[in-house]
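Comments concern the structure below.
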Amino acid sequence: MVKYPLAACIARPPDSTGRYYPLEEHLLYVARAMGSPDGAYDDRLRFLAGLLHDAGKAQPEWQDYIRRPAEARGPGVPHAFAGAMLFAVALERLLAAWPLSRREKERLLHLGLYLVYFIYQHHDTVPDVQGEFPPWQASFSPEKLLNCDLEGLGELVGRFFSGRLIPDGGMAVEELREDFRRLAGSWSGWRDRMLTHVARTQREGNMYTQSSRLCVWHNLENYRLVAGDRLHAAGLELDAQEGTISTSQAASALMRINDFCEGRRDGLRHQGASDALLEKREACRLEALALFREQGQTHRVFTLELPTGYGKTLTSLSVALEAIATGLSRRIIYVAPYISILSQAAAEIAAATGLEVVTHHHLSPLEKPAREEVREEDQEGLEVDSWLAPIIATTYNKFFQALFPGRAQHTLRLGGLRNAFVIIDEPQTVAATSWPVFLAMASALSEEVDCRLLFSTATMPEVAGGTLSVRRASLGCQAPLFSRYQVKYMGQLDEAGLAEQAVATYHERGSVAVIMNTIKDAANVYNLVEERLRGEPIYFISGRLTPLHKQGRIAAIKRVLDEHKRAMVICTQILEAGVDLSFQVVFRALPIVPSVIQAAGRCNRHGEGSPGDLYLFSFLRGGSEDTRRFVYRDHVQREVTDMILLGGSGSFPETRAGKVVTSFYHECSRRNTYEASLENLKLAAGGQWSGLANIDPFGDDIPSCGIFVPREERDVPEHVIRAMAECHVSHPQELWDLYVSRGFLRSLGFTARKRFMALMYQFMVQVPLRVAAEIGEPIAGRALLRLRYPSMYRENTGLSFVGDEEAYDEQLV
């Protein structure tokens, strides 16, 4: 006798109305979301996987666990293993029963093995599909299945499949033992036949293109399972139309953008911007729309190459809305490298279209008011995580998690990408080592889910030629109308020499930005400049300020510049891309070529008056140490930059910037195709997904730790004030006290916990681990550290002067 017959089992706790959610109903929903019992063999296997994925929830231990009050549950009870084990048994029996050719069996083994592993880890990391034995071999025995209602599960499966796929009755234990002994002996053979199918598929075209398609296919199989499981639990539909933009809404938004652009032109003209430049921006937008109308049906990958300040965001947005208005797409996903760019662009998109923009990054849970918690699998949170909204604005980190998921939950975003128009802003920020594999996976995804990708930048990396070539259509590659700036190479400078030059220029020209490669260099130069400009408006920005502090600092700089007042800004490359600030003069420590052009985009941005100057210099810390290599670690890119800029093109007007960028990328590609990163695609297609999982868009991930800074800010955004009020706190220290109080985090529901942690991050600074060990105060049982002495955080420079860093740590800017 089983304690809980399948018909009496529940899939999750009752909701606030007391309604129960039967397990059988959940299994049927996920099965239908994944496949069909009457379809092709592939669809039948998917249907069966959905039908069995949560069979382990029929265990009495799990049923007892889920029926307890939330505060009394304790650690979870494993359940995914049971569905994987039962599906593997059924898979073996179906492959033996179905009339299949050798190649058909290899193809279905490929699908079946992936489904086994995906079921086994559908609440965990995305698994590698490899190994000599089944994934449960060392952890779970057949006896673990006997407490489930095998007869009830067998009857459920029997409604859709002939034959006896689930052992039950008095002989079940012996039958299961024999099944799993046989499976253990056959597993390596199954894996080899799967790899035969993979190798054959890879030979059908370009090796890397085929491998990326296989990887995307695998992720989509995982998505079907995870989406069916999570979205049913939250009461959402997989193909909900509520999170899309209708063709009529898109047409109306396009009309509104026309009015918005006209109003923007009038405002900038009043501030002294060049009439010719303003008209050129509108011409670029209209030309991109015309080119998309010609090529939108036949291409999925597009590029838009406009000089900085020529309206890339509004042009890209107009093209995306045109795609929706003509029925090619149904939602917009805007992707930016940094939150500072993202916030600015999201506000502009909302203002230009009148449509709501949902942001998705680690601070975004704060931006909507809290609502009453009803269940752990929260509907609102899943809508954002799944990108089921008309317009999503997200970061490269979140987008890379969709392409290279590390956890099963990350695959949810693939549903939002189906039929989406994806604007990928400033793609040159992607590390050279990550770019080829990113391009391959993004291109393959566009084919598989029928989404369109638009790469928008002034400095476009190569997308055609070499080992991997992506078919793309250009929506514009415009040369500047005239030169708003002149790049001039100054030679070598140390801290003191740079400070003298910057201060003299400030007195002469009024608005000056100094962009350094590392935080330490920026902070040292700031100190020297401050000594020479006592009482003058000097601003410092780096990644060592809290998000609130940084946001307030950028807003203050913008106000000063908009009022045409004098300003001196010392910063890292945090202002280099997407931030709408304009200076008369920019000093830039020698980086690599694309960063030079991006920095120049902060110089005389709107063509007001005479051309601005970007002074480029080779910075030597202490007069001897070249610190550029700490941030720009690719020696090929450094060497090519030096060849171009120090070998003859160190001084050039904006009208030559395009040729400089093209020469840079062409020469880098000639010297290094970065095929090593593409090799991981081949391995991942054969089951070694861990080589690609969680790939970082900006290169090697630097181990870091969050330091909480209990510092009160003056100008706090309304959504942060509201979130603090919800927590009944008025000072950051009170927030920390809540975080460390016993039982507080456990008492919060799923969404409330996300909102609370997002609020904590507003007062945090990420620092390298060795710096964190020096300045942070650990608390037992908590991942975050508190700043040991609040005085370490300086009003002007944050945590830029703390810690004894090594060269590797200085990549954090």
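Some observations on this one:
- Meets criteria (over 24 Å from ARG32 (Cβ atoms), in a loop (DSSP other than H, G, I, E, B) and modelled with pLDDT under 90) for PRO167: yes
- Count - residues of the range 548-579 that are surrounded by 20 or more Cβ atoms within 10 Å (Cβ to Cβ) and acidic (Asp, Glu): 1
- Condition check for LEU183: more than 29 Å from ILE10 (Cβ to Cβ), surrounded by 20 or more Cβ atoms within 10 Å (Cβ to Cβ) and more than 32 Å from the chain's Cα centre (by Cα): yes
- Scanning the range 558-597 for residues that are modelled with pLDDT of 90 or more, more than 24 Å from VAL529 (Cα to Cα) and not aliphatic (A, V, I, L, M) yields a single hit, PRO594.
- Tallying residues that are surrounded by 24 or more Cβ atoms within 10 Å (Cβ to Cβ), in a loop (DSSP other than H, G, I, E, B) and under 22 Å from the mean Cα position of the chain (by Cα) within the range 306-337 yields 1.
- Subset of the range 768-796 that is of a type in the set (Ser, Thr, Tyr) and either surrounded by 15 or more Cβ atoms within 10 Å (Cβ to Cβ) or not in a loop (DSSP other than H, G, I, E, B) (or both) - its residue that is farthest from the chain's Cα centre (by Cα): SER791
- Helices (runs of 4 or more DSSP H) within the range 44-145 that include 1 or more residues hydroxyl-bearing (Ser, Thr, Tyr) and at pLDDT below 95: 60-67
- Among the residues examined, GLY607 qualifies as of a type outside the set (D, E, K, R), open to solvent by less than 30 Å² (accessible area, probe 1.4 Å) and over 26 Å from VAL430 (Cα atoms).
- For the range 1-27, the tally of residues that are free of Cβ contacts under 8 Å to residues at least 60 places away in the same chain and either closer than 20 Å to SER162 by Cα or loosely packed, with under 14 Cβ neighbours inside 10 Å (or both) stands at 6.
- Residue, nearest to GLY699 (Cα to Cα), within the range 618-633, restricted to residues that are charged (D, E, K, R) and open to solvent by 30 Å² or more (accessible area, probe 1.4 Å): ARG633
- If you go through the range 404-437 and keep only what is open to solvent by 10 Å² or more (accessible area, probe 1.4 Å), under 30 Å from HIS635 (Cβ atoms) and part of a helix (DSSP H, G or I), you end up with GLN428, THR429, TRP435, PRO436.
- Output for the range 643-659, where each listed residue is more than 18 Å from THR457 (Cα to Cα), open to solvent by less than 60 Å² (accessible area, probe 1.4 Å) and part of a helix (DSSP H, G or I): ILE644, LEU645
- For LEU545, the conditions (1) modelled with pLDDT under 95; (2) open to solvent by 10 Å² or more (accessible area, probe 1.4 Å) all hold with the exception of (2).
- Filter pass, TYR489 being touching a strand residue (DSSP E or B) at 6+ places or on another chain (Cβ under 7 Å), open to solvent by 40 Å² or more (accessible area, probe 1.4 Å), of a type in the set (Ser, Thr, Tyr) and in contact (Cβ under 8 Å) with a residue 60 or more places away in the chain: yes
The values are calculated or read from the model by the stated rules, or taken from the named source; none is laboratory data. A quick note: this is a predicted structure, and the numbers were derived from the prediction, not measured. All Cβ positions, even for glycine, are placed from backbone atoms using ideal geometry, and neighbour counts span all protein chains on display. Heavy atoms of the whole protein, side chains included, go into the accessibility calculation; ligands, DNA and RNA do not. Shrake-Rupley method; radii C 1.70, N 1.55, O 1.52, S 1.80 Å.
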